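Undergrad: After the structure tokens below, expect a handful of questions from me.
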Amino acid sequence: MNTTVISTDMPSRPAPVDRQAGVAQRLFGSVSSSIATVVALGLALYALGRFIDWSLLNAVWPGESGAMCRQASGACWAFLAEKLNQILFGIYPRGEQWRPAVVCVVILAMVVVSLDPRQWRLRTVWLWLAGMAGSLALMQGGWAGLTPVPTASWGGLPVTLLLAVCALGVGMPLGILLALARRGSLPMARFIATCVIELIRGLPLISLLFMASIVLPIMLPAGMTIDSLLRAGIALTVFSAAYLAEVIRGGLQSLPAGQMEASRALGLSWWQMTRLVVLPQAVRKVIAPLTNTAIVMIKNTSLVLIVGLFDLLSSGRAALTDPAWPTPYVETYLFIASIYFCICFGLSRYSMWLERRFKKGELR
Amino acid sequence: MAVSISGMSKWYGDFQVLHDIDLQVAVGERLVICGPSGSGKSTMIRCINRLERHQEGRIVVNGVELADDLRAIDEVRADAGMVFQHFNLFPHLTVLENCILAPMHVKRMARPQAAELALQYLARVRILDQADKYPGQLSGGQQQRAAIARSLCMQPRIMLFDEPTSALDPEMVKEVLDTMTSLADDGMTMLCVTHEMGFARSVADRVVFMDGGRILESAAPDAFFDRPRHERTRAFLERILH
């Protein structure tokens, strides 16, 4: 006779221990691993030793002169200390350099405030507009007793930040409009958007900067001039908009059709559907490629060197031309690179934090 | 008449998917539409709220004729709620936010009133405790009930169901069908495309059989299931009811 056993009480047992090979085993387990480990460690230690030698032991510290740097074999940190103001603020008048410093702090503060998605509302947009207007007014001067400083004298970190904020801040809404137009049902809008995007993507940024610098003034009525920094800003914005548009179009395409159907079935208009249902989802899906494009655009601002503007990188290059110092390229570029790295890596970590935050709701 | 379709035909390119559909649905009537896949049942129901455009014939919903006038279309859509096979909840919003979105933006209701209305309907479909969760955190049955509540929040006069239980695990089908039954008991005009014949028998006023883009038979449930007249209806019922 068959008996059926029904168990109702099955306590769960702990999982069996996973015995993984220890570090020592993996590094020195076999002859080839041992040799590889020794060689790699040796090279690393040698490189580290040389670097410490150069950057710390034989370095020339702040306070010394250019002549000391020429004699020494190590890093010339004294140069950085001496030229810090020129690298960070370009040829901005020495006594007024608190103004670009304040602008950098203001932009940083606005970025920090805007980080949390809960702050992504209309009043933050007003905050940004006010902050940017105020920053430009402060840099320009000519009011409330501030000495006027023409844009040709602006330079360094504030210029990089202003151009990056303008290119991304104005480029993003423009890019969204271009992407929507390209995917829309109006044939004329689709045609124009496609032409604009493909034309801009087909050109190098340098040529766009040249065209903006040379062509824009010609297109304006006689007598009207357009500021050179503004010209570069326009070129960078238009360039960003085209690339961001394509990233967002990818997001729009990946949205299931059912979302639009449900929105329309509820009676939402096209604009309500786009604003409330489509764009929030599409943008969230493409946070990673958007960050990529943003990081590239921030570094692209260094190309304004070509049209005679001074951003962070070209201010550094200008500082290197001082004949009293032995052109310490490595130290200067390391310093500038570390600033770029902080900005770009910060953006990268932020985007990962954003992605995790948005994933939480969609977890099953 | 809640819905009046006369002589309606639809083509996808050169392929005619609906042939001369004539259908009248009275206010408060519960209609179940069944048929083999590809018979055009979903297409027909999607023409009623203009998710698909018909090329010939007339469709009049709640007294408003469906043509190319956008205002009329939005009016019809606000008054005819639709529940989809794949729920189509908005994943970036909580269940409550899903429900208040349309009343706030289409009917311009203030947020507190819309929320109160939404909570009422969420309680009605028995997922009040899930109001602050995201759709991704709910089971299939809960998601579909949330979708039903979302459509009900617009207080439509007609509810359209496009195979609402086809994508659900069997143990969750009952909870959704119970919700739909209670809706029907409250006098809602319902057009339901479904394969759930038990539901059709117990709830429907009329069962319509479609095949090849045509309505072949339309009868009360008893007559439909016990004395099907068309041979294709009989063949279909044999397959479905084993």
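Undergrad: Give the peptides A:205-217, A:104-116 in descending order of average Cβ contacts within 10 Å, highest first. Don't skip to the end; give the middle numbers.
TA: Numbers: A:205-217: 16.3, A:104-116: 14.2.
Peptide ranking by packing, descending: A:205-217, A:104-116.
Undergrad: Once both axes come from the Cα atoms, what is the angle between helix B:111-124 and the longest principal axis of chain B, in degrees from 0 to 90, rounded to 10?
TA: The two axes meet at around 50 degrees.
Undergrad: What is the angle, in °, between the Cα long axis of helix B:140-152 and the longest principal axis of the Cα atoms in chain B? Nearest 10 is fine, range 0 to 90.
TA: That helix lies at roughly 90 degrees to the long axis.
Undergrad: Label 7 Å along Cα→Cβ of B:ASP22; the stretch B:179-221 residues with amide nitrogen under 20 Å?
TA: Zone members listed by number: B:206-220.
Undergrad: In the stretch A:244-290, what residues drop by 40 Å² or more in accessible surface going from the chain by itself to the full protein assembly, probe 1.4 Å?
TA: Hits at the 40 Å² cut-off: A:GLN259, A:GLU261, A:ALA262, A:ARG264, A:ALA265, A:LEU266, A:GLY267, A:LEU268, A:GLN272, A:LEU276, A:GLN281.
Undergrad: Determine the per residue accessible area of the stretch A:94-363 with all protein chains present and a 1.4 angstrom probe, expressed in square angstrom. Before the final figure, lay out each step's value.
TA: Values: 13370 Å² over 270 residues.
Normalised by residue count, the accessible surface of the stretch A:94-363 is 50 Å².
Undergrad: Considering only protein heavy atoms, with the full assembly of protein chains and a 1.4 angstrom probe, order B:HIS195, B:HIS92 by accessible area, largest first. Don't jump to the answer; show the numbers that get you there.
TA: On the way: B:HIS195 75, B:HIS92 20 Å².
The ranking, largest first, comes out as B:HIS195, B:HIS92.
Undergrad: Output the 0 to 90 degree angle, nearest 10, between the alpha-carbon long axis of helix B:170-185 and the longest principal axis computed from the alpha carbons of chain B.
TA: The angle comes out near 90 degrees.
Undergrad: Something else now. Hey, what did the stretch A:94-363 get for relative contact order, percent, Cα under 8 Å, at least 6 apart? Don't skip to the end; give the middle numbers.
TA: Details: 251 pairs, mean separation 56.6, N = 270.
About 21 percent, as a whole number.
Undergrad: Exceeding 25 Å between C-alpha atoms, which entries from my cross-link table qualify? They are A:LYS285/A:LYS360; B:LYS41/B:LYS107; A:LYS285/B:LYS10.
TA: Working: A:LYS285/A:LYS360 14 Å; B:LYS41/B:LYS107 30 Å; A:LYS285/B:LYS10 36 Å.
Among A:LYS285/A:LYS360; B:LYS41/B:LYS107; A:LYS285/B:LYS10, the Cα-Cα distance tops 25 Å for B:LYS41/B:LYS107; A:LYS285/B:LYS10.
Undergrad: If I require 30 Å or longer along the helix axis, counting alpha carbons, and a Kyte-Doolittle average no lower than 1.6, what helices from chain A are left? Use full DSSP H segments. Walk me through the intermediate numbers first.
TA: On the way: long enough: A:31-52 (31 Å, 1.69); A:157-183 (38 Å, 1.81); A:228-253 (38 Å, 1.05); A:329-362 (49 Å, 0.21).
Counting only whole DSSP H runs, the qualifying helices are A:31-52, A:157-183.
Undergrad: How big is the A/B interface in buried accessible area, both sides summed, 1.4 Å probe, to the nearest 100 Å²?
TA: Numbers: alone 21980 and 11270 Å², together 31190 Å².
The contact between B and A buries close to 2100 Å².
Undergrad: Counting only heavy atoms of the protein chains, get the accessible area per residue of chain B (1.4 Å probe) and round it to a whole Å² value.
TA: Values: 10280 Å² over 242 residues.
Per-residue accessible area for chain B comes out at 42 Å².
Undergrad: Further question on the same structure: If R₀ is 51 angstrom, what is the calculated FRET efficiency for the pair B:ALA235 and B:ASP74, using the beta carbon separation as r and rounding to 0.05? Before the final figure, lay out the partial values.
TA: Values: r = 41 Å, r/R0 = 0.81.
Efficiency for this residue pair is about 0.80.
Undergrad: Given the options A:MET219, A:TRP120, A:MET297, identify the residue whose Cα lies farthest towards the positive end of the charge dipole of the stretch A:94-363 (+1 on Cβ of Lys, Arg; -1 on Cβ of Asp, Glu).
TA: A:TRP120
Undergrad: Determine the principal axes of the Cα atoms in chain B, then give the extent along each, sorted from largest to smallest and rounded to whole angstroms.
TA: 53, 43, 32
Undergrad: Separate question: Would you work out the relative contact order for chain B, in percent, from Cα pairs under 8 angstrom that are 6 or more residues apart? Before the final figure, lay out the partial values.
TA: Numbers: 436 pairs, mean separation 64.2, N = 242.
It comes to 27 percent, rounded to a whole number.
Undergrad: Given a Förster radius of 60 Å and the C-beta distance between A:ASN2 and B:ARG111 as r, what FRET efficiency does 1/(1 + (r/R0)^6) yield to the nearest 0.05?
TA: On the way: r = 64 Å, r/R0 = 1.07.
After rounding to 0.05, the efficiency reads 0.40.
Undergrad: Residues of the stretch A:323-364 losing 40 Å² or more of accessible area relative to the isolated chain, 1.4 Å probe, heavy atoms only?
TA: A:GLY361, A:GLU362, A:ARG364
Undergrad: Given H placed on each backbone N at 1.01 Å, which residues far from B:GLU56 in sequence or on other chains put an amide H within less than 5 Å of it?
TA: B:SER9
Undergrad: Still on this structure, I have one more. Note down the relative contact order for the stretch A:119-270 as a percent, whole number, built from C-alpha pairs under 8 angstrom at least six residues apart. Show your work: numbers first, answer last.
TA: Details: 112 pairs, mean separation 44.8, N = 152.
Once divided by the residue count of the stretch A:119-270, the mean separation gives 29 percent.
Undergrad: Calculate one ³J(HN,Hα) per residue across the stretch B:9-15 by plugging θ = phi - 60° into the Karplus curve 6.51 cos²θ - 1.76 cosθ + 1.60, and present them in order as whole Hz with x for glycine and proline.
TA: Values, residue by residue: 10, 9, 10, 9, x, 9, 8 Hz.
Undergrad: For the peptides B:6-15, B:123-132, what is the packing order when you average, over each peptide's residues, the other Cβ atoms within 10 Å and list the highest mean first?
TA: Numbers: B:6-15: 12.6, B:123-132: 16.8.
Highest-to-lowest ranking by the protection proxy: B:123-132, B:6-15.
The values are calculated or read from the model by the stated rules, or taken from the named source; none is laboratory data. Because the structure is a prediction, the values reported are computed rather than measured. All Cβ positions, even for glycine, are placed from backbone atoms using ideal geometry, and neighbour counts span all protein chains on display. The accessibility values were calculated without ligands, DNA or RNA, using every heavy atom of the protein model including side chains. Shrake-Rupley method; radii C 1.70, N 1.55, O 1.52, S 1.80 Å.
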